[in-house]
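The values are calculated or read from the model by the stated rules, or taken from the named source; none is laboratory data. The structure displayed is predicted, hence computed values, not measured ones. Cβ placement follows ideal geometry from the backbone for every residue including glycine, while neighbour counts extend to all protein chains displayed. Areas reflect the complete protein model, heavy atoms only, side chains present, ligands, DNA and RNA absent. Shrake-Rupley method; radii C 1.70, N 1.55, O 1.52, S 1.80 Å.
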Amino acid sequence: MAQHTSLKKLTAIKTLKTDGTRQRENFLREARIVASLEHPHVIAIRDYGLTSKGVPYLVMDYVKTTLGDYFNEPTDCRTVAEILKSLASAVSYAHSPPEQAGIIHRDLKPSNVLIREGYGNKAWPLVADFGLAYEVSRKSVKERAGTPEFMAFEQFCGKACIQSDVFGLGAIAFYGVTGSFPPRVVGNKERVDASKAEDDLSDIAPDFAATILHCLKNDPEERYKDCDMLFGDLQNFLSGERVSVQPESLGQTIMRQIRLHPFQSGLVGLIGLMAFFFGTYFVASQQAIAEQAQSIADQERAKAALERKNASELRGLNSRLREKDRVNGSWSGRYSQILN
C-alpha cells in the first residue's frame, strides 16, 4: 500500500515475487489486460512498469476487503444475487470487450473479488487478479490452472472456456449462500456432486438455487452459454420474474404475476368477479324466463287438452240425448196405434 503522489489517494502495489522470464511475461500481460478493461466492476489499474531494479510492478486502487471476508458466514440470497449480477456483468465484458480480444479469467473465487462500499452501504464488487487470464481466441492452451475448489471439470483437463468462468461465478454464489465449497464426487474431485449440491441449496429460493446449479453443471455445454445469459436470469430473479432454467406450472405463473403486480391483479380479479356475478345473474334470469315460458306453455297445453276433453264429452252427451229422443219417439208412435 502506498500514497499516489499525483492522485493523492491510497493505492495497492503488486510486484512479482519470483523472477523468471515466463513469470515476468505473465505479470506484464496481466497488467496490460487489466489496464485495457474499463468496467465499473473491474479493479482499475493506475500504472504499471519496472522498478529501478527491473522488478515488474502494477499500481491499482487500494481496496481492503475481499469477497471472502464479506462472505464470513452464509449470506442471504438477494445480497449474493446482487453481487453475482455485478460480477457477471464484469466477466461478460472481459469475455468480449469492444474492439479488442476477449479474455477468460480462469481463477474466479472470493479472494479474487474485492469489495468496496457502494451507494446505500451496498457491497460494490470488483473483479481482480487476472494473473491466470488468457485470450478467448487461444483454443489450444493445455494448461491446468485455477483454484481446485472453484475450478470447472474442463479446467482440470487444461481446456478452459467461457463457460469455465460461468462455473466460477456459480461456485462463488454457492459459497456465498452456504459458506462451503461446491461438493465434489467421492473419488473424483474434478466433478461436482449434483445431488449433494441440490440438497445443500434446498433451503434457499428455488429460482436462485436453480440458477446456481445450472452454473455448476459438469458439462460446460449444459451451463449458461455465456455470462450475459446468467446476468439475465439474475436480473429476473431479483425482479421477481421467472428464471429461464426453472420451469413452473400455470398456477405458479399466476401467483408470481399477482405478487409482481398486486394492483393490476386486484383490478383484473375485481373485473373477473363482477363478470362472474353478472354472468351468473344473466344465466339465472334467462333460466327463470325460460322456466316461466315453459310453465305458460304447459298451462296452455293443459287448457287445450281440457277443452278437447269437454268438447268430446259434450258430443257424447248430445249423441246419447238424440238416441234417447229417437227411442222415446218410437214408443210414442206405437202407443198411439194401440189406443186407436
| message | Please state the shape class of the stretch 52-191: rounded when a/c is under 1.5, otherwise prolate if a/b exceeds b/c and oblate if not, all from the C-alpha gyration tensor. | response | oblate
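Count charges around Glu222 for me, please; just the other residues with Cβ under 14 Å from its Cβ, Lys/Arg as +1, Asp/Glu as -1.
0
Given 0.36 nm per residue, what is the gain on full extension from Asn72 to Glu300 after removing their alpha carbon distance, in nm? It would help to have the intermediate numbers written out before the result.
On the way: separation 228, 0.36 × 228 = 82.08 nm, distance 8.95 nm.
Gain on extension, Asn72 to Glu300, equals 73.1 nm.
Determine the gain in length on full extension of the stretch Ala44-Thr280; use 0.36 nm per residue of separation and subtract their C-alpha separation, reporting nm with one decimal.
Result for the pair: 78.2 nm of gain on full extension.
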| field | Å² of accessible area per residue within the stretch 61-149, as computed with a 1.4 Å probe and no ligands counted | value | 49
